[in-house]
């Protein structure tokens, strides 16, 4: 039995669980400002209580003291929900932040920040909202509550007691931690008595048949108890039964675990395990490598005799199917709801609005829509920036809004929608809108545009000028936004995950930022083309067709060579020139393949040296500095081990086409 | 602090060991990167990873590149926040401790000069290199 409670092993869990509770606390508090219910305050109280308990078991006295003061305040508010006003909410949020600071410090092994002043403030506030009648005594346990049974005197009216039997999965890597966490979770619902076997055994993972039993005194309904347990990974509820009467005075006698009609919990929720996100990344990488390896085997098969090749190909096809299936499953496992990033936004919106003297209502919808976690990760900062931007630059201060006949409280809507194979994320405000003329003027001033080009620039593109580096129309630079560093980063991040950014804005009515995002970092079907010794991949989806002809036979339209394609003519270009790579000297009378592709500006025929076939590959995103290269969508590694760039066909031709404008 | 010492032709350079992931033999061929400047050799694949490689001599424009290729060129792989960058060098000599870096030749890419025993070594600035590399890829 581990007499020494080695906290370092549990630090990681403490950090993640405490952070979850603090996040939930902050989130619920902000929601509360809409309307206060006693249940919601109870929930705040429980989160704070859990943090206190966890900090206590880790031996973090400063954290425990702070959480304790917070809990006292919440407990006081609980008896009189009307007292939860803005001032109280502010202090509670401060305390939540400070606790977050403690958790960070614990994680980094640094000394904890001093929270004495905050504790004094919490105490003072707790005292000041003492109602005329004495509130009910706090149900909370003292700060240094022992982990094992508490045997203090009971109040005459006791909440019901439950006999809770739990099983820790035999596959659990840390049965002791899991069991202890379940214990801690239950302790947040009320008082725990009599853990069989003892809590030290539970912590050490010494559980006969993987089960242990505790008695819980709690006024929570049954459903809450079972839900609380189900939130701990690897722990399942075996039975939950009401203990008929108050237990006898704790004695050496063991309670009979199978006493009054234990209710076996039938339908468990789908079982889940937590997986490190890096592990998911590695799964995807490995699944991708498997696809490449399969392609490699097929490659080897090409050198075989016809008869052997048939049999090999059959097997390779089957292998390919299986690997593809595995890849799909891995992709599915990586799907993450957007709520991972939007959950924190109400809190952020509140902070920004308060600092900037705005009144804001943030309306979230569609946060349950799922995207690949890599994309969700990349979006966290851009979305926060768009929110800041909407509050800081979009929504006017309340007085100004009143003068304009708008409600003083501005609305920012963040909606997420699934649209076929894309996800649309919109951030919409009802603020002052963007000044297109001012953007144009600034762009001209900075030399990004000529005055003439600015005049002719369509509004849609002019609005995108706000994403040019260093361009901002904000009159004052604040700590929040207005440095013009943000919007270009937003655009880049969105494009890096294969998305697009669009802005619509109406003067005086508001601005909408619309992000169109791919669901996954997916497989692409490529047409491989040779250019000298180089190989490039063109997404088949963008290839309209291939024409084999000589350069000499091309027609010309206003000095631009054009190729007859179906009933239309399309401009013909050398791919080597488009990519600015050295090309081979060409015999104008030799037949070359021209690949006709769909770009954003219409069809273009690209002359290449050879067609090398079709291949289904895993697209790898480009990392810096390769993401700086224009015209690339990604890279892949072929079965031969060769890296091949995948061209961003849609945007390949843009600069050149602009020069050749006027073409029909 | 420990540094990796390597040569570009005859000149000696140093990079902090912390920033270096590994040293590998230069590949026989690279995949060409469109639009890139001459200093960019291309990308190589290393155990399934795609790593951009830059000819450090050309990037620094510090030495005249000799006619004959070095017998066994090496790629020094830098590890920068979740990504890698390969620097093509003539030869890697070893690891030495460098504490004092003098201010001579200081620039965006060079932290200064240091002495390792009898020889003078140019200590490079990792962040400066990274910025210069990014610029040579974004030529378009």
Percent relative contact order of the range A:277-334, based on C-alpha pairs within less than 8 angstrom and at least six residues apart? 54
Cut-off is 10 Å between beta-carbons; in what order do A:467, A:511 appear when sorted fewest neighbours first? A:467, A:511
Please report, to one decimal in angstroms, the Kirkwood hydrodynamic radius of the range A:277-334 built from all distinct Cα-Cα pairs. 12.2
What Kirkwood radius, in Å to one decimal, follows from the Cα pairs of chain B? 15.3
Quick one: which of A:298-310, A:91-103 comes out on top by average Cβ neighbours within 10 Å, and what's the full order, highest first? A:91-103, A:298-310
With each pseudo-label sitting 7 Å past Cα toward Cβ, what's the residue A:231-residue A:37 distance in nm, one decimal? 1.7
Which whole number gives the average, over all residues in A:571-581, of C-beta atoms from other chains lying within 10 Å of the residue C-beta? 2
Suppose each label sits 7 Å from its Cα in the direction of the beta carbon; what would the residue A:588-residue A:568 distance come out to in nanometres? 2.7
Output for the range A:565-642 (equivalent-ellipsoid semi-axes, sqrt of 5λ from the C-alpha gyration tensor, Å, descending) is 25, 17, 15
Over all alpha-carbon pairs of the protein assembly as shown, lay out the pair-distance distribution in 20 Å bins, whole %, shortest bin first. 12, 35, 35, 16, 2, 0
If A:459, A:71 are placed from fewest to most neighbouring beta carbons inside 10 Å, the sequence is A:459, A:71
Could you compute the FRET efficiency for residue A:418 and residue A:333, with r as their C-beta to C-beta distance and R0 at 22 Å, rounded to 0.05? 0.75
Can you give the mean number of other chain Cβ atoms that lie within 10 Å of the Cβ atoms in peptide B:46-52? 6
Per-selection metrics, the range A:161-245 (Cα): Rg and Dmax in Å: 11.5, 38
Please give the calculated 222 nm ellipticity per residue for chain B, where each DSSP H segment of at least 4 residues contributes -39500 (n - 2.57) and the sum is spread over every residue; nearest 500 deg cm²/dmol? -3500 deg cm²/dmol
Order A:550-559, A:359-368, A:211-220 from most to least packed using the mean count of other Cβ atoms within 10 Å. A:211-220, A:359-368, A:550-559
Round to the nearest 0.05 the FRET efficiency obtained for residue A:274 and residue A:223 when R0 = 30 Å and r is the Cβ-Cβ distance. 0.85
For q = 0.16, 0.21 Å⁻¹, Debye-computed log10 I/I(0) when each Cα of the range A:284-378 counts as one equal scatterer: -0.78, -0.99
On a full-extension model of 0.36 nm per residue, what is the gain between residue A:437 and residue A:464, subtracting their alpha-carbon distance, rounded to one decimal in nm? 8.5 nm
Mind jotting down the three principal axis lengths of the range A:535-664 based on Cα atoms? Whole angstrom, largest first. 40, 29, 27
Relative contact order of chain B, defined on C-alpha pairs under 8 angstrom at six or more residues apart (%): 29
Suppose we keep just the alpha-carbon trace of the range A:547-587; what are its Rg and Dmax in angstrom? 11.2, 33
What is the average number of partner chain Cβ atoms found within 10 Å of a Cβ in A:630-641? 3
For a footprinting-style exposure proxy, rank A:110, A:413, A:203 by other Cβ within 10 Å, fewest first. A:110, A:413, A:203
Rounded, prolate or oblate (a/c below 1.5 giving rounded, otherwise prolate when a/b exceeds b/c) for the range A:337-518 by Cα gyration tensor: oblate
If you take the beta carbon distance between residue A:533 and residue A:319 as r and set R0 to 25 Å, what does 1/(1 + (r/R0)^6) give as a FRET efficiency, to the nearest 0.05? 0.25
First obtain the Kirkwood hydrodynamic radius of the range A:7-128 from its Cα pairs, then insert it into the Stokes-Einstein equation at 10 °C and 1.306 mPa s, and state the resulting D in µm² per second as a whole number. 112
Whole-number percent relative contact order across the range A:7-128, with pairs defined as alpha carbons under 8 Å at least 6 apart: 31
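Coordinate-derived values only; no laboratory data. Predicted model only: the values in this text are computed from it and were never measured. Cβ coordinates were reconstructed from backbone atoms using ideal geometry, including for glycine residues, and neighbour counts include every protein chain displayed.
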